[in-house]
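Scroll down for the structure; my scribbles are underneath it.
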Amino acid sequence: MAYRDWIFSAVLLIGAATLPATAQQPGAAPAEESAEQLPAGPGRDEAFGMCSACHAYRLVAAQSMSRERWDDTMTLMTEKHGMPKLESEDRKLILDYLAKTHPPKKATGTGGFQIPFAPQ
Ligand code: HEC
């Protein structure tokens with residue numbers, strides 16, 4: 001492995017190791033994060049405000065999920081981690097933003113993930 005690759009992996013590892021520590025400090029979204037860095041759109045400030053209350057928003061932005069799975073994630077945050085239950089309007093606003101900004105990576109126009117070795 002080239003030295004530079006090694007450094008890169010080390011940085012990734014350190015980053016992963018410090019993530020849970022960040023999440024344990026209430027309201028400890030790192031100061032360098034702000035809603036303005038995210039793609040503009042309806043629900044951006046609401047999503048950033050809500051989802052960075054407990055952990056860095058980059059934990060959210062690192063995900064690529066369907067609307068359905070974002071929906072499940074929001075339910076999980078409420079049921080397991082104590083996120084306030086949102087009124088349907090707010091919930092929809094945030095969900096729309098998440099689904100639009102962080103969609104599944106392999107999305108194709110024809111219905112999302114395809115099993116690569118499935119018979120055509
Ligand atoms: C009340 C606190 C709280 C709020 C608000 C909150 N979360 Fe979380 N979230 C947590 C905790 C605790 C974890 C698990 C610890 C960790 O991985 O840092 C977590 C983890 C996650 C993960 C990683 C899950 C995984 O499987 O690795 C995602 C994605 C996530 N949250 C999304 C969101 C989104 C989207 C919102 C806003 C709609 C949100 N969270 C709001 C507490 C919260």
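Quick check on region 33-44. Is at least one of its residues touching a Gly at 6+ places or on another chain (Cβ under 7 Å) and at pLDDT 65 or above?
The initial filter retains those residues of region 33-44 that are touching a Gly at 6+ places or on another chain (Cβ under 7 Å), namely none.
No, every residue in region 33-44 fails to be touching a Gly at 6+ places or on another chain (Cβ under 7 Å) and at pLDDT 65 or above.
How many of the residues making up region 38-56 are surrounded by 16 or more Cβ atoms within 10 Å (Cβ to Cβ), part of a loop (DSSP other than H, G, I, E, B) and over 12 Å from the mean Cα position of the chain (by Cα)?
2
Pick from region 57-98 the residues that are open to solvent by 80 Å² or more (accessible area, probe 1.4 Å) and assigned to a loop (DSSP other than H, G, I, E, B): which of them is farthest from the ligand (Cβ to nearest atom)?
Glu87
The values are calculated or read from the model by the stated rules, or taken from the named source; none is laboratory data. Keep in mind the model is a prediction, meaning the values are calculated, not measured. Every residue, glycine among them, receives a Cβ derived from its backbone with ideal geometry; neighbour counts consider all protein chains shown. For the accessible areas, the whole protein counts, side chains as well, though only heavy atoms, and no ligand, DNA or RNA atoms are used. Shrake-Rupley method; radii C 1.70, N 1.55, O 1.52, S 1.80 Å.
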